[in-house]
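The block underneath contains the structure these notes are about, expressed in structure tokens.
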Amino acid sequence: MTSERTPGPQVGRSPPRREARAKLSGRAPYVHDLVLPGMLHGKLARSTRPHARIRRIDTAAARAIEGVHAVLTGDDIRQLIPQPYHGPAFHDQPILALDKVRYAGEPLALVLASDPHVAQTAARLIEAEYEELPAVYDEVEAMRSSAIVHDVLKPAGTFPDLKHLAGKRDTNVALDFHLRRGNAARAFEHAEHVFEHTFKTQQVLHLPLEPFVSVADPGERQLTLHTASQSPSFVRIEIARLLGWPENRVRVQVPFLGGGFGAKVYVKLEALVAAAALIVRRPVKVALTMEEQFYTLTKHAATLRIKSAVDAEGRISARECEVWWNGGAYADIGPRITQKSGFTAPGPYDIEHVSIDSYALYTNLPPAGALRGFGIPQLVWAYESHADMIARALSIDPLAFRRKNLLREGRAQATGTLMRDAALDTVLERLAQRMRWDEPFERGSGSVRRGRGIGIGFKASISPTTSVAIVSVSADGSCHLLCSTVDMGQGSDTAMAQIAAEVLGIAAEDITVVHPDTDVTPFDMATLGSRSTYHMGNAVKRAAEDARDRLFALAAELGLAPETTPIPEIFRRKYGMQAGNVVGQGSFVPSYIPTDHASGQSSDVTPFWMVGATGVEIEVDTETGQVKVTRLVNLADAGRTVNPAIVDTQLSGAAIMQLGFTLFEQIEFRSGQVANASLADYKIPGMHDLPPLIENEAVTAHEHGGPFGAKGVGESGTFAVSPAIANAIEDAVGVRVTALPITAEAVYRALRASRGEPLAQ
Amino acid sequence: MSTAQRIIRFTLNGEAIAASVAPHENVVELLQRLGLHGARESCGQGLCGCCTVRVDGLAVSGCLYFAVQLDATCVDTIEQPFGEDGLDEVQQAFAQCGAFQCGFCTPGFVLMSRELLAANPEPSEDEIRHYLSGNLCRCAAYPEIIRAVQLAARMRRARS
Amino acid sequence: MTPFELIEPRTLDEALRLLDPADPGVRPAGGCTALMLMMKAGMLVPTRLVSLRRIEPRYRDIVASDDAITIGANASLASIEHSARVRDELPALARTLRTLANVRVRNVATLGGNLAHADPHMDLPPLLAALDASVQVQGRGSSRYASIEQLISGYYETTLAGDELIVAVRIPKRAARGCAYRKVTTRSADDWPALGIAVALEREGERVRAARVVLGAAVDRPTRLLAAEAALQGTRLDETSARRAADAAADEARPSEDARGSAAYKRELIRVHVRRTLLEAWCDEPVGAVRQ
Ligand SMILES: Cc1cc2nc3c(=O)[nH]c(=O)nc-3n(C[C@H](O)[C@H](O)[C@H](O)COP(=O)(O)OP(=O)(O)OC[C@H]3O[C@@H](n4cnc5c(N)ncnc54)[C@H](O)[C@@H]3O)c2cc1C
Ligand code: FES
Ligand code: FES
């Protein structure tokens, strides 16, 4: 019986993941596995030029291959969808290239065949004639370049916080965000010390092991999409918009995802399979290869200039930040990243005078989007490296410098929004304790030198966004939870069930979580930006409360004791048998006040603050520059943890991923062409790259607005890994690296330069 | 097109079967066609281990193995059931330790961990890392995976 | 799609007859790991693959005689790694195999395939060159022996004719030989090497009687560093002499630039790792060698 009413607290325990058995026996469903009767496989031919007008696409040879069902180009798509452009911030991305290609690797034509090998062979035969255009690759150059990626910019107007975007001509600037607080210019004039440094980050890849995949199934009345997507509700709206259909004629179903990390948000392959399936009237599947992921979405490379005025005591009085984001050929969510990360660009410090300018730029590289941190890891890389460089220059201990400047509870952050429930100080202090910062540190000898470093970062959540949930109680007391949060590995199914169970007073295991299906599960903005625990968690909690209240009301109406009557008894009394449902509904959208366009000020930019800090101990081989992280300590404020085991895995998983971004991951481009599009040439961390010691801690904290005090944590582990390592390198061997990745060669070159014997290029 | 199909016969998770395969088909494609989805192609280059299966008692990457070469072999996949509740010690330990996130790499890690424990019932942490270094997990559940293998080793010892 | 066939002959003779030197689309196949990668990348479009997997079992044997260990070309890398004989008498080979690719690849990839592929990043060619191995090559009615330097003629190039097969590798035993191989990766730990350095030192008392120092990965084929070898001749191996030889190695090597490092950086890596590998090889005490 699933009706026991008091199984004990559900939030705060770590039941095994509900999908454990399915995943461990190879039976968990992924879109990757899906086969529909009569299904065609689509393979893409891609642009070989970074920027060119398309004169002609020659598909004859491909069509001539036996077994090829159809070959589609952008013109064919335009027959079905007159304006075949999509994108969350700008409607700038064509489903298949039209008139022009804007990066090497852009989808040009789709070959459909029953046998994927046939489609692949045919796709390799497609050729295009191009008229090459000047291209721009660097984000800083893109500010002034005469190479213009988009002739006209067409804002999408989808998100309330991007409503102000206006169409523009002849610029590569998709969005510029500015923030002014106090008078930074004047403060610099009177400053005791002024420090200015420039930092760089590289393009990296999400590289989920399940590459992008979508299937479209054209039905009688409805088009069904099975897609590995983090944003089923958005996909439904966007596909309906493209087709000019009502939302209810598009159905989006999402089973498990083989990883997402921000890649599988908004529309990726969905518009392509939808259009293809409607044209050929058969189910169509497009499953990208590992290689093709490199041509789909990357993480923004950025150039960050940061300048601080510091007084004699080591207090930062003013800070100026300029950030250029390399958005690639299509804006994707880049403008939002530019804006949201701009809010916290000066770091978690209490600074009176602040000036921020942040620019989202188009270039002729594959589009960049959100990747576990929404721009924050890039910023923390800059401001936490900068922090240590200042502390060193002033001979202040890096921890003491941070303590002195830290933003405290209740103080106004750069946007003017007050800090609330952001455990910056607790996180920093726990990190210091775990690192035994005040104890002497063994520094190594000979060619092996040891060092340690710390970093701390924070993030404003993405706002305002909406989540809706439904809890349905059956007559035997068992429950369904309907929500469109996508479990892509972060364990949300388990955590959401715990939240609902806590309210209903039943065991989390007794709740069935229905996977996203837009015909069934209600709206959710997307599973991204660590927003689900807070936003969907609140919606789930409200839905469960609504269901519980209705049950109680029903019991009272029947003259039963609401709190103690077993649920089945209530139904039996009402319907005379095991029958009926009680359905509770909850929705959540936090308050938000848009920032002023000129000053970037707002008293309410975020419903909650995320905090993450990292400490590392490292060894540097001074003869080769090789860096080995021997200890990795991850701290975060996750509010009250709903499921401590899952939080732990999120923290170390994020930190290890960022370790790869810090030390070796890099998409290499040669004249706009990706030069290392495979797992053989683009390396990600494996077992041997793992630091021998990894520790995670979510500090004791409470988030006032979160469900049972909880908030998101999926990205916090990434924030401060990179600067902590760079800071530890300087601690170990006295050299500073300001560009990612910190390769062994970069460290070795810095060592040689510091000895006055620079290594030839 | 004379990509002649060939009939092969082999044992799949203990059951004798016959299948018609094309010469270019690899083991993952064949298994997927047979409705077994646990071995999946990800990198397609032998590097990640998502496509791991056992052929005649040896773990191989299905993405780099021609299906026709399965003729007259014994193939075991992650779908092979164990014991009363269908999961062996390795799977139970992975569940207990939460040694997965998205689960895409998980079948490969489970199968390789099983191989490791068969060859080396008491592996050190270094030996675990070494043996599993040919499997990649982008969710980086590595610390949990190491703990799970250690737990599975203890569970196996306790049983025998 | 270009049709092709995969044939599994039962004898070496039959395999040799199935090869066709006139058709570059006909290729012998060992474990097929490298072949499948090339096919997936569209670099190879075969018409016929002649798999050696089912030929006479003796082509995968590992046999020891008084003066050599001979390994059949069909031996899987895993079987060599786990061979007690190899562990005892050629521990450096067993150690190298442990870090070559991964368990699954070693289970199927063959010694013959590893040599014939001639990818400069492979670990075995430099090591086998340092061990003075000779490769037995069988043609239709002809048989010859080639050193690794004679076999591998360039970047993915060998001197194998289209109807020749590698059938075995013979590694001579040498008294008091210490050997070591270092795979130097500069990005993730498991990566293709930026350089591979193999060293074999024959001792005479406290001195080096003969040395072989071979560089792989950073150059287009395994290359002996002769100046370094000469610098070691007759010396007592210690930090100073190892450093001198390593400097000679760094001076003579011509590493190429790639994503794993610039040429200048790789030269410095050669300097450091030749020294370290020499010191390691000097301490290498194969059981077999001691017994002799
Ligand atoms: C994921 C992965 C990682 C790897 N990492 C490493 C590594 O770290 N170090 C390393 O050294 N290697 C590494 N390799 C390469 C691996 O060792 C080779 O793929 C393997 O050795 C090739 O062996 P095979 O038997 O599969 O050859 P096949 O693919 O069958 O053949 C390779 C080539 O050799 C020819 N050939 C095969 N057998 C013979 C023969 N007997 N006579 C003449 N020609 C023949 C074929 O025609 C083909 O040209 C890696 C491979 C993979 C897939
Ligand atoms: S898919 Fe086969 S090893 Fe990655
Ligand atoms: S659990 Fe996601 S890749 Fe391993």
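Quick check on A:Glu384: is it surrounded by fewer than 24 Cβ atoms within 10 Å (Cβ to Cβ) and either among the acidic types (Asp, Glu) or in the same structural domain as A:Ala263 (by TED's automatic domain parsing) (or both)? So A:Glu384 does not fit the description; no. Here A:Ser461 meets the list (1) modelled with pLDDT under 95; (2) more than 30 Å from A:Val616 (Cα to Cα); (3) of a type outside the set (Val, Ile, Thr) almost entirely, failing just condition (2).
Scan region C:184-199 for residues that are within 27 Å of C:Glu89 (Cβ to Cβ) and buried (at least 24 other Cβ atoms within 10 Å of the Cβ) and the total you get is 6. Pairs meeting the criteria (first residue in region A:546-559 and without any contact (Cβ under 8 Å) to a residue 40 or more places away in the chain, second residue hydrophobic (A, V, I, L, M, F, W, C) and assigned to a helix (DSSP H, G or I), beta carbons under 7 Å, at least 6 apart or on different chains) are A:Leu554/A:Ile570; A:Ala555/A:Ile570; A:Leu558/A:Ile570.
Taking region C:253-267 as the range and being hydroxyl-bearing (Ser, Thr, Tyr) and surrounded by 18 or more Cβ atoms within 10 Å (Cβ to Cβ) as the test, only C:Tyr265 passes. Residues in region B:75-114 that are modelled with pLDDT of 95 or more and either among the aromatic types (Phe, Trp, Tyr) or within 16 Å of ligand 1 (Cβ to nearest atom) (or both): B:Phe94, B:Phe100, B:Phe104, B:Cys105, B:Gly108, B:Phe109, B:Met112. Among the residues of region C:125-149, those that are farther than 18 Å from C:Lys173 by Cβ and surrounded by 22 or more Cβ atoms within 10 Å (Cβ to Cβ) comprise C:Pro125, C:Pro126, C:Val137.
The strands (runs of 3 or more DSSP E) found entirely in region B:3-106 that carry 1 or more residues being more than 16 Å from ligand 2 (Cβ to nearest atom) and closer than 24 Å to B:Val149 by Cβ are B:74-76.
Let me confirm something: among C:Ala34, C:Ala15, which residue is assigned to a helix (DSSP H, G or I) and closer than 19 Å to C:Ala118 by Cβ?
Values: C:Ala15 fails: closer than 19 Å to C:Ala118 by Cβ.
After ruling out the rest, the residue left standing is C:Ala34.
Cβ-Cβ contacts under 6 Å between residues 6 or more apart (or on different chains), taken from a first residue in region B:24-40 that is more than 7 Å from chain A (Cβ to nearest Cβ) and over 18 Å from B:Ala72 (Cβ atoms) to a second residue that is buried (at least 21 other Cβ atoms within 10 Å of the Cβ) and of a type in the set (S, T, N, Q), are listed as B:Leu36/B:Thr77; B:Ala39/B:Thr77.
Exactly one of these conditions fails for A:Asp519: (1) within 24 Å of A:Ile237 (Cα to Cα); (2) touching a helix residue (DSSP H, G or I) at 6+ places or on another chain (Cβ under 6 Å). Give me its number. Only one criterion in (1) within 24 Å of A:Ile237 (Cα to Cα); (2) touching a helix residue (DSSP H, G or I) at 6+ places or on another chain (Cβ under 6 Å) is unmet by A:Asp519, namely (2). The set of residues in region B:131-146 being more than 7 Å from every other protein chain (Cβ to nearest Cβ) and more than 9 Å from ligand 3 (Cβ to nearest atom) consists of B:Ile146 alone.
B:Leu64 - would you say it is surrounded by 19 or more Cβ atoms within 10 Å (Cβ to Cβ), more than 16 Å from ligand 3 (Cβ to nearest atom) and touching a residue at least 24 places away in the same chain (Cβ under 8 Å)? Yes: the conditions hold for B:Leu64. Applying the condition of being in contact with a His (Cβ under 8 Å, 6 or more places away or on another chain) and away from ligand 3 (no atom under 16 Å from the Cβ) to region A:217-240 and asking which residue is farthest from the other protein chains (Cβ to nearest Cβ) yields A:Glu238.
Restricting to region C:33-44, and then to whatever is facing another protein chain (nearest Cβ under 8 Å) and surrounded by fewer than 23 Cβ atoms within 10 Å (Cβ to Cβ), can you tell me which residue is modelled with the highest pLDDT?
Pass one, region C:33-44, residues facing another protein chain (nearest Cβ under 8 Å): C:33, C:36-37, C:39-40, C:42.
With surrounded by fewer than 23 Cβ atoms within 10 Å (Cβ to Cβ) added as a condition, the list becomes C:37, C:39-40, C:42.
Values: C:Leu37: 97, C:Met39: 93, C:Lys40: 91, C:Gly42: 87.
Per the stated criteria, the residue is C:Leu37.
Just one of the listed residues (A:Val31, A:Val35, A:Val11, A:Val71) is of a type outside the set (Phe, Trp, Tyr), under 24 Å from B:Leu31 (Cα atoms) and surrounded by 17 or more Cβ atoms within 10 Å (Cβ to Cβ), and it is A:Val31. Is it true that some residue in region A:618-634 is closer than 28 Å to A:Phe343 by Cα and among the acidic types (Asp, Glu)? No, region A:618-634 has no match at all. If you go through region C:57-82 one residue at a time, how many are away from ligand 1 (no atom under 14 Å from the Cβ) and within 27 Å of C:Arg221 (Cβ to Cβ)? Qualifying residue count, region C:57-82: 4.
Number of residues in region A:113-146 that are within 14 Å of chain C (Cβ to nearest Cβ) and in contact with a Ser or Thr (Cβ under 7 Å, 6 or more places away or on another chain): the value is 1.
In the condition set (1) within 11 Å of ligand 1 (Cβ to nearest atom); (2) within 30 Å of C:Cys283 (Cα to Cα); (3) without any contact (Cβ under 8 Å) to a residue 40 or more places away in the chain, C:Tyr156 is compliant with all but (2). List the pairs whose first member sits in region B:137-154 and is under 24 Å from A:Leu257 (Cβ atoms), whose second member is away from ligand 2 (no atom under 16 Å from the Cβ) and modelled with pLDDT under 95, and whose Cβ atoms are under 7 Å apart, counting only residues at least 6 apart or on separate chains? Pairs found: B:Cys139/A:Gly489. Scanning region A:681-693 for residues that are buried (at least 18 other Cβ atoms within 10 Å of the Cβ) and more than 30 Å from A:Pro134 (Cα to Cα) gives A:Lys683, A:Ile684, A:Pro685, A:Gly686, A:Met687, A:Asp689, A:Leu690, A:Pro691.
Within region A:292-310, identify whether any single residue is under 17 Å from A:Asp217 (Cβ atoms) and of a type in the set (A, V, I, L, M), and answer yes or no. Looking through region A:292-310, none of the residues is under 17 Å from A:Asp217 (Cβ atoms) and of a type in the set (A, V, I, L, M). Checking each residue in region C:83-102 for being over 26 Å from C:Glu164 (Cβ atoms), within 11 Å of ligand 1 (Cβ to nearest atom) and of a type outside the set (Ser, Thr, Tyr) picks out C:Arg98, C:Asn102. Give region C:82-99 a look and list any residue that's of a type outside the set (Gly, Ala, Ser) and buried (at least 20 other Cβ atoms within 10 Å of the Cβ), or say none. Matches in region C:82-99: C:Val86, C:Glu89, C:Leu90, C:Leu93, C:Thr96, C:Leu97.
The values are calculated or read from the model by the stated rules, or taken from the named source; none is laboratory data. Just so you know, these numbers come straight off a predicted model, no measurement behind them. Backbone-built Cβ (ideal geometry, glycine too); neighbour counts: all protein chains shown.
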